[in-house]
Amino acid sequence: MSASARRPTGGEENRAGDAGSGGATLRRPALTKSSVLEAAIDFVDRFGLAELSMRKLGASLQVEAMALYRYVDSRDQLLDAMVDRVVDQLYADPDVLLGPDDDWQTWLRRVAAGVRRIALTHPELFPLIATRHRAAPWIRPPLRSLRWIEGFLAGLLSRGFSEDAAIYAYRAFGSFLIGHLLLENSADGVEPVDVGSADGAGAEPARATPGESSPPMLEAYPTILRLSDRLQVQDLEEEFRDALENLLRRLDRARTAR
């Protein structure tokens, strides 16, 4: 069942009333943070990320934009929460979770398949996942889900990776996976977008860097916090060079096999 089939959106509000009251009464469903996030995800699925604004989202829920600020402080916080909600699908999928007897290669294959399912289910939203998180804009490559990064690093560390090897794996795996899926989405007509506020009033991202006081949000992600000085590396030449050499070896095998 599609996401849009499950949720009332736009003007598709529930009608409530009884036969003896002289007619049905149009009532707006009570808002919750969960319903706001679901409506925002559905809005982006239907209209694209560039169209999302607090004003338009409020109109789709038949409320003023200001009513949404009871549940999120800003559009940027709304975007963060939308990513968390979508990525949480991975953690609800037992096929993606790292089991006690799983080897790391099998786990990464399942993680890649799970992320691809998200990209195909929410193609208009997926480019947002590949943007910087406001609490850690220095992470390379950028990924808006800190929970995803924390789980990835911790999982590899639990399988014998050193800290440096886990960071290298995050950069290589993340670059491959996100890059490939963005290209796959682009081939289907989804364009990368600027996630700045559609209302023209985007908030400044947090600029904390390692060595400074970290945003409180990072305290929930101890692995990211501990490895922050290495996750902010600016020079990705080694990863690029290794990926290129791996590609050339694959092309050579393909050439000689045909």
Those residues of the stretch 66-78 which are part of a helix (DSSP H, G or I), in contact (Cβ under 8 Å) with a residue 24 or more places away in the chain and farther than 18 Å from ARG144 by Cβ, in sequence order: ALA67, LEU68, ARG70
Any hit, the stretch 94-115, residues being of a type in the set (D, E, K, R), touching a residue at least 12 places away in the same chain (Cβ under 8 Å) and either touching an Asp or Glu at 6+ places or on another chain (Cβ under 8 Å) or crowded, with 19+ Cβ neighbours inside 10 Å (or both): yes
Total residues in the stretch 125-160, condition assigned to a loop (DSSP other than H, G, I, E, B) and over 12 Å from VAL86 (Cα atoms): 17
Hey, VAL86 hydrophobic (A, V, I, L, M, F, W, C), in a helix (DSSP H, G or I) and surrounded by 15 or more Cβ atoms within 10 Å (Cβ to Cβ) or not: yes
Any chance ALA59 is surrounded by fewer than 20 Cβ atoms within 10 Å (Cβ to Cβ), farther than 18 Å from THR121 by Cβ, among the small types (Gly, Ala, Ser) and modelled with pLDDT of 95 or more: yes
For PRO123: the one exception among (1) within 12 Å of the chain's Cα centre (by Cα); (2) buried (at least 16 other Cβ atoms within 10 Å of the Cβ); (3) under 21 Å from THR32 (Cα atoms): (3)
Residue match in the stretch 14-33 (condition: assigned to a loop (DSSP other than H, G, I, E, B) and at pLDDT 85 or above): yes
Enumeration of residues in the stretch 102-124 that are assigned to a helix (DSSP H, G or I) and more than 22 Å from ALA154 (Cα to Cα): ARG117, ALA119, LEU120, THR121
Test: THR131 is surrounded by fewer than 15 Cβ atoms within 10 Å (Cβ to Cβ) and of a type in the set (Ser, Thr, Tyr): no
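The rows are residues; the columns are (1) in contact with a helix residue (DSSP H, G or I) (Cβ under 7 Å, 6 or more places away or on another chain); (2) surrounded by fewer than 17 Cβ atoms within 10 Å (Cβ to Cβ); (3) at pLDDT below 90.
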| residue | (1), (2), (3) |
| --- | --- |
| SER145 | yes, no, no |
| GLY155 | yes, no, no |
| ALA166 | yes, no, no |
| ARG171 | yes, no, no |
| GLY196 | no, yes, yes |
| ALA201 | no, yes, yes |
| ALA206 | no, no, yes |
| PRO215 | no, yes, yes |
Hits in the stretch 48-60 - residues which are under 15 Å from LYS33 (Cα atoms) and without any contact (Cβ under 8 Å) to a residue 40 or more places away in the chain: LEU57, GLY58
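The values are calculated or read from the model by the stated rules, or taken from the named source; none is laboratory data. Note that the structure is predicted; figures quoted are calculated from it, not measured. All Cβ positions, even for glycine, are placed from backbone atoms using ideal geometry, and neighbour counts span all protein chains on display.
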